[in-house]
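This report concerns only the one structure given below.
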Amino acid sequence: SEPLSFYSASILMEAKDSINSHTADCIAKVTDATTGSQDRAASILDGIYGTIEACIAIYIALTLVICALVRRAVVKPLLSFGDSIKANQLFPVQGAGELQVLAETYNRVFTENEATHMIVKHQAEHDPLTDLLNRGSFDKALKFHDDGKHDFALILADVDQFKSVNDTFGHAVGDQVLKRVSSLLQVAFRSTDFVCRIGGDEFAIIMVDATSDLRHIIQEKIDFVNAELSKPIDGMPQVSLSAGAAFADRPDPGDSIYKDADDALYHTKENGRGSCSFFGEF
């Protein structure tokens, strides 16, 4: 029985060793299979993560590009449009196509409005018959210059016996006479002077930067106008212009330079007409 027991024990040991060997092999195979599966899964996950990271990078890059394009094509033009509106200027034609169309439309309307504004402004400041500055413009110019800081001369003038011109030749001829007087005054005086029609046949000239030692210049200008008016043309009668002048630097001024120039004009009308008198010399 002892040999049998030894034999049985030996068989059991072999069986155990065989089981352990097979178990180890199974465990090794399972471990290898598991490790391979994990490696493949990890590789797949790495690929997925890499793809996600690449997609995120592409998304960020595309977002930045889109933002740059939007800024260039939309935001920047809109900001420049706002600056142009504040500066009262034309829009720069730039940016997206729709914004360029908007800019071109705005610029067309802006230009038309500017032209209309200039016409309305001109009409508001000028006499419609002679195109000289009107009474309102004269009052503003005189107020600006008559502040004690500017040298200037104020010349008031009117057409002698203008009523008889209208009564004899009609108002149409009278209007032509006024236009001719206006044209001659503009020729005689400088472009920097203010030549105005202040009502009816009454004219006013603000001669800037003029001091009392230049009275002979004013006399020459009035003489030139009268010499031309003495030549009847285009069916217009011979007329004359009487004028009175006062300087800002005149001695012993009266209540106002306008009143002093008007007194000088009155003196001319009472003493022969067709000339110019200067305040303080009569």
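The values are calculated or read from the model by the stated rules, or taken from the named source; none is laboratory data. Keep in mind the model is a prediction, meaning the values are calculated, not measured. Neighbour counts run over all protein chains shown; Cβ positions are idealised from the backbone, glycine included. Side chains are part of the model used for accessible areas, which takes the heavy atoms of the whole protein and leaves out ligands, DNA and RNA. Shrake-Rupley method; radii C 1.70, N 1.55, O 1.52, S 1.80 Å.
In this structure region 1-108 gives 79 Å² per residue of accessible area when probed at 1.4 Å with all protein chains present.
Please work out how much length the chain gains when fully extended from residue 30 to residue 216, using 0.36 nm per residue of separation minus the C-alpha to C-alpha distance, in nm with one decimal. Spell out each step's value before the answer.
Numbers: separation 186, 0.36 × 186 = 66.96 nm, distance 12.64 nm.
Once the chain is fully extended between residue 30 and residue 216, it gains 54.3 nm.
Distance between the pseudo-spin-label points of residue 166 and residue 19 (7 Å out from Cα toward the beta carbon): 14.3 nm. Under the rule a/c < 1.5 gives rounded, and otherwise a/b versus b/c splits prolate from oblate, where does region 97-254 land using the Cα gyration tensor? Judged from the Cα gyration tensor, region 97-254 comes out oblate (a/c at least 1.5, b/c at or above a/b).
Rounded to the nearest 0.05, what FRET efficiency is calculated for residue 57 and residue 107 with R0 set to 41 Å and r the Cβ-Cβ distance? So the FRET efficiency works out to roughly 0.45.
How much accessible area per residue does region 176-282 have, in Å², with a 1.4 Å probe? Normalised by residue count, the accessible surface of region 176-282 is 47 Å². In a fully extended conformation the segment linking residue 65 and residue 79 would gain 3.1 nm over its present Cα-Cα distance, using 0.36 nm per residue. With contacts taken as Cα pairs under 8 Å at a separation of at least 6 residues, the chain carries a relative contact order of 14 percent. Using only alpha carbons, region 163-282 has a radius of gyration to Kirkwood radius ratio (Rg to Rh) of 0.97.
Diffusion coefficient of region 1-137 by Stokes-Einstein, Kirkwood radius over Cα pairs, 20 °C, 1.002 mPa s: 88 µm²/s.
Compared with the dominant Cα axis of the chain, that is its longest principal axis, helix 171-188 is turned about 70°. Against the chain, whose longest principal axis is taken from its Cα atoms, helix 2-70 shows a tilt of about 10°. Taking every alpha-carbon pair under 8 Å whose residues sit at least 6 apart, region 193-252 reaches a relative contact order of 26 percent.
Within the accessible area of the chain, the carbon and sulfur atoms contribute 59%, probe 1.4 Å, all protein chains present.
Computed on protein heavy atoms with a 1.4 Å probe, the accessible areas place 60, 206 in the order 60, 206, largest first. Residue 266 exposes around 140 Å² of accessible area when a 1.4 Å probe is run over every protein chain in place. Straight-line cross-link partners of residue 149 among the lysines, defined as a Cα under 18 Å from its Cα and at least 8 positions apart when in the same chain: 140. For region 119-241, relative contact order (Cα pairs under 8 Å, six or more residues apart, normalised by length) works out to 31 percent.
Which FRET efficiency value, to the nearest 0.05, do you get for residue 122 and residue 179 by plugging their Cβ-Cβ distance into 1/(1 + (r/R0)^6) with R0 = 22 Å?
Efficiency, rounded to the nearest 0.05: 0.80.
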